[in-house]
Amino acid sequence: MVRISEDLIRRRAEHNNGEIFSLEEVSLHQQDIERIEHIDKWCRDLKILYLQNNLIPKIGNLSRHSCTLHISGKTNKCMAIYIAFNSVYAENVGRLKKLEYLNLALNNIEVIENLEGCESLQKLDLTVNFVGKLSSVESLKQNLHLRELYLVGNPCTEFHGYRQYVLACLPQLQWLDGKEIGRGERIQALQELDAVRRLVLEQEADYIEKREEQKRSGLKETTEKQEDPQINQLLSENQNGTHQNPESSSKAHTDAEDKEKEFWEKPCPFTPESRLEAHRHLEDKRRAKEKEREKPKNKTLRTLITADGRVMNVNEPKFDFSLTEDENNCMLLDLHVYRHMDTSLLDVDVQPTYVRVTVKGKVFQLVLPAEVKPDSSTAQRSQTTGHLLLILPLAHGEIKPKKPTARPTSVTSKQNTKKETRPVPGRELLEVDPGLAGSLANIVPKGKESSHKPLQLSQPHQHCGVEERPVSKDFVDDPEVPPLM
């Protein structure tokens, strides 16, 4: 059974920054709650309360305490006395003075009660419950601000005179089951109230007797199921998770399927007991599935790296990919990931010698042909195709020269047939007048011997006519003296 705890209400109070004392609206639907408690203490300013689709049998009940006295035998001239207190905690929804809207649809409520203290109540929704005591609607007379009431799907709506009885008992009501109440309809209901009340009470007594019989038959079936040895054996085997042999295991599985089919196909009245039984059956089935998931499964372990350290190539998601190398000494891995896959489902791990990409538990691993730099690597997704592109800089890359671009040749006229020779870039030639070649050659005095080579002057594709002097026999070539160019 799910209890209303402070943590549950605080989690449902996110719109109020988790504060529960100043909470004005809270939704506790579909929580399998079987008792309303603590709300009147923690949320006194509550105006809207959603409790639909739970297992609540009563709207509220007064708190009561009983004391039981147990006296044991005399021991050592003393008498041991045990006092046991049996308490029923109050489900005091009636203490919510500011409550305006209460939604209790799809529960196990049979009687309308304990709402007299909800002074501000304006709307009450009891759709699809088990309210068969229609006379309990008179307890809402003290809710003077009540304007809307929903009882669709309850057994009391099948009584003859149901609508007239409710209109006559609750004069403050303006809407019943989503239909507005007219003035003439209310006057007619008040005129026929005595006759309608007698008719309603007779049908109510028949329904109550029928319900008592349903409770007795339901209790009898429950006792028989508990005493059935086959069911007890199946339950014990399911709880232990073991069977004697494969034959008994398959037989138990077949029996469980037959029991499941029989449970849902067997006709039964729609009562609070049958609804509780279906809920508990589904809960047991859910717990059995959770136990099956927790059991260790014998899965074949995948090998990503062998015992000797060799990395394997793995492509479990079966993605297409391409591995290329660009001019910037980087490897480009283009992995064809699904286009609409969320990027948070991808886990990329770049190592110097391999790349590993995990996609929803499936591993893609590729050994790289050269070592890369993991710290400098980047990953990005394509916004159009969704592909994953990994840019992996090489760790020992070589600088590759760029390919020369072809230059357009100049168009020359037909008259200039000779090709012009251009000097090599980076080398400048000295232009010398041929008439001054003799005077420049006599820069070094004749009486002194020089270790420099004679000066050679040249023009493009022409040499000056300078005579080279013979080298003396006593000439010593000093390697520290640079040659004369």
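Among Trp175, Trp264, Trp42, the order of accessible area from largest down is Trp264, Trp175, Trp42, computed with a 1.4 Å probe on protein heavy atoms. The value of relative contact order for segment 90-138, using C-alpha pairs under 8 Å at least six residues apart, is 44 percent.
Rounded if a/c is under 1.5, else prolate if a/b is larger than b/c, else oblate: which is segment 135-201, with a ≥ b ≥ c the root eigenvalues of its Cα gyration tensor?
The shape class here is rounded.
In order along segment 196-201, the Karplus-derived 3J(HN,Hα) couplings, from 6.51 cos²θ - 1.76 cosθ + 1.60 at θ = phi - 60°, round to 5, 4, 4, 5, 5, 5 Hz, and Gly and Pro are given as x. A 19 angstrom limit on the alpha carbon distance is what I want to check against. Which of Lys133/Lys215; Lys266/Lys291; Lys261/Lys285 exceed it? The answer is Lys266/Lys291. In straight-distance terms, cross-link reach from Lys141 covers every one of the aspartates and glutamates whose alpha-carbon lies under 15 Å from its own, apart from those fewer than eight places away in the same chain; here that gives Glu113, Glu116, Glu119. At a probe radius of 1.4 angstrom, the accessible area of segment 262-348 per residue rounds to 81 square angstrom.
Other residues within the sphere of radius under 13 Å centred on the Cβ of Pro352, judged by their own Cβ, net out at -1 (K and R +1, D and E -1).
Using the average count of surrounding beta-carbon atoms within 10 Å as a protection proxy, the listed peptides 119-127, 266-274, 346-354 rank, highest first, as 119-127, 346-354, 266-274.
The values are calculated or read from the model by the stated rules, or taken from the named source; none is laboratory data. No experiment lies behind these values; they were computed from the predicted model shown. Ideal geometry is used to build each Cβ from the backbone, glycine not excepted, and the neighbour counts take in all protein chains shown. Just the protein is used for accessible areas: all its heavy atoms, side chains included, with ligands, DNA and RNA removed. Shrake-Rupley method; radii C 1.70, N 1.55, O 1.52, S 1.80 Å.
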